[in-house]
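> The structure's right below; bear with me while I get my questions together.
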Amino acid sequence: MDIDSARTIADTVLRAGPVLRPYRAAGQRDPSRWQFGLLMPADRSAADESLSATAQTECLVEAGDHVRLTVLLRFLQVRRRSVYRWLPDHGRFKPVGSLEVDGAAVPSWDEPVEHEVCLEMDGPMLRGHGARHTVRVPGGFDRRELHDARGALVGQVVRHRRPLCAMLNVSAQPVPAPHPALRLRVWVENRTRAGADGHEVALTTALVASHLILSIEDGSFVSMVDPPAWAADAAESCANVGLWPVLAGPPGRHDTLLATPRILRDHPGDLLDSAVDELLQLRNLAG
């Protein structure tokens, strides 16, 4: 199985552009850079039909008697990094967009935190009722003081991450085929409650750059880009919402599948070079 290769492709393709866009001004937050593969909290999507809390991929699997499936749900979370200046005359900290410490700027910004959830299934579970898994990510808070070269307190950096809750559902149904084949469905929903906070704050409860990596033992995935004749009708009936599945790994391998919000071709490993070029261009623009 080529899970590591699929991880590399996903990391490079999904995060090379807007997610890793560098800041040009200290303290500037750009919520638009988090819009790719975005699953907002369910209460937000219920109130705004332009937002989505769910994503789904369907694909075809030729399954053997001892088939085993591994599903990886991967996403980013927005963590707030806030910078404060120490006001000694007032005995308190004041929030600032950026703080200069010994000639170096320390800006406030939003930063990504990576999350990966693994769900494994055997043949009886896959052919039976499937599996539902509740994903819970605890919140986090940490504080670091900032001192100048003389050791004097000048400020602090506070990082805050909100708790997340999501549902991962995997099921399969047999399809008419010359070989034992299944229509596999993987469905993800963000069940976090954002409450009444504004959109920028609600982004901290979103699943960002959400995607799936599937791997199989004693079985193979059918290409959804170029399915064989026997699977063409079944592939056409598959419903993919917010995710598009392609074969990952080198040509000729059918044991790993990558489902991302970007429409890729099968075996998209050669896209790594173009994504790296994009990163270099962004770095040059930032400089």
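The values are calculated or read from the model by the stated rules, or taken from the named source; none is laboratory data. Worth saying up front: this structure is predicted, and the values here are computed from it rather than measured. FYI the Cβ positions are ideal-geometry reconstructions off the backbone, even for glycines, and counts take in every protein chain you see. The protein model used for the area step is the full one, side chains on, heavy atoms only, and it has no ligands, DNA or RNA in it. Shrake-Rupley method; radii C 1.70, N 1.55, O 1.52, S 1.80 Å.
> Do we have Val67 as in contact with a His (Cβ under 9 Å, 6 or more places away or on another chain) and either at pLDDT 85 or above or surrounded by fewer than 16 Cβ atoms within 10 Å (Cβ to Cβ) (or both) here?
No, not satisfied.
> Here's another thing I want to ask about it. So which residues in segment 96-114 are in contact (Cβ under 8 Å) with a residue 60 or more places away in the chain and buried (at least 16 other Cβ atoms within 10 Å of the Cβ)?
Answer for segment 96-114, where residues must be in contact (Cβ under 8 Å) with a residue 60 or more places away in the chain and buried (at least 16 other Cβ atoms within 10 Å of the Cβ): Val96, Ser98, Pro107, Ser108, Trp109, Asp110, Pro112.
> Here is a follow-up. Give the residue, chosen from Pro176, Pro112, that is under 19 Å from the mean Cα position of the chain (by Cα) and modelled with pLDDT under 95.
On inspection, the qualifying residue turns out to be Pro112.
> I want to confirm something. Restricting to segment 25-47 and keeping residues that are of a type in the set (Lys, Arg) and surrounded by fewer than 21 Cβ atoms within 10 Å (Cβ to Cβ), which single residue is modelled with the lowest pLDDT?
Arg29
> How about segment 210-263: which of its residues are surrounded by 18 or more Cβ atoms within 10 Å (Cβ to Cβ), of a type in the set (Val, Ile, Thr) and not in a loop (DSSP other than H, G, I, E, B)?
Across segment 210-263, the qualifying residues are Ile213, Ile216, Val246, Thr256, Thr260.
> Right, something else. Give just the number: which of (1) within 24 Å of Trp187 (Cα to Cα); (2) surrounded by 18 or more Cβ atoms within 10 Å (Cβ to Cβ); (3) under 20 Å from the mean Cα position of the chain (by Cα) does Ser50 not satisfy?
Ser50 satisfies every listed condition except (2).
Listed here are the residues, each with its yes/no results for (1) among the polar types (S, T, N, Q); (2) modelled with pLDDT under 95.
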| site | (1), (2) |
| --- | --- |
| Arg183 | no, no |
| Trp187 | no, no |
| Asp197 | no, yes |
| Glu200 | no, yes |
| Thr204 | yes, yes |
| Val222 | no, no |
| Ala229 | no, yes |
| Ala232 | no, yes |
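> Could I ask something else about it? Restricting attention to segment 124-153, which residues are under 20 Å from Leu212 (Cβ atoms) and touching a His at 6+ places or on another chain (Cβ under 7 Å)?
Val137
> When the residues of segment 166-198 are filtered to those that are among the small types (Gly, Ala, Ser) and touching a residue at least 40 places away in the same chain (Cβ under 8 Å), which remaining residue is farthest from Ser237 (Cα to Cα)?
The qualifying residue farthest from Ser237 (Cα to Cα) is Gly195.
> Among the numbered conditions (1) surrounded by 14 or more Cβ atoms within 10 Å (Cβ to Cβ); (2) under 18 Å from the mean Cα position of the chain (by Cα), tell me where Gly139 comes up short.
All conditions are met except number (1).
> Which ones in segment 1-24 are open to solvent by 40 Å² or more (accessible area, probe 1.4 Å) and at pLDDT 50 or above?
Met1, Asp4, Ser5, Arg7, Thr8, Asp11
> Would you check if there is a residue in segment 78-95 being in contact with a helix residue (DSSP H, G or I) (Cβ under 9 Å, 6 or more places away or on another chain) and surrounded by fewer than 21 Cβ atoms within 10 Å (Cβ to Cβ)?
There is at least one residue in segment 78-95 that is in contact with a helix residue (DSSP H, G or I) (Cβ under 9 Å, 6 or more places away or on another chain) and surrounded by fewer than 21 Cβ atoms within 10 Å (Cβ to Cβ).
> Okay, moving on. Among the strands (runs of 3 or more DSSP E) confined wholly to segment 143-209, which include 3 or more residues that are touching a strand residue (DSSP E or B) at 6+ places or on another chain (Cβ under 7 Å), open to solvent by 10 Å² or more (accessible area, probe 1.4 Å) and under 30 Å from His90 (Cβ atoms)?
The qualifying strands (runs of 3 or more DSSP E) are 153-161.
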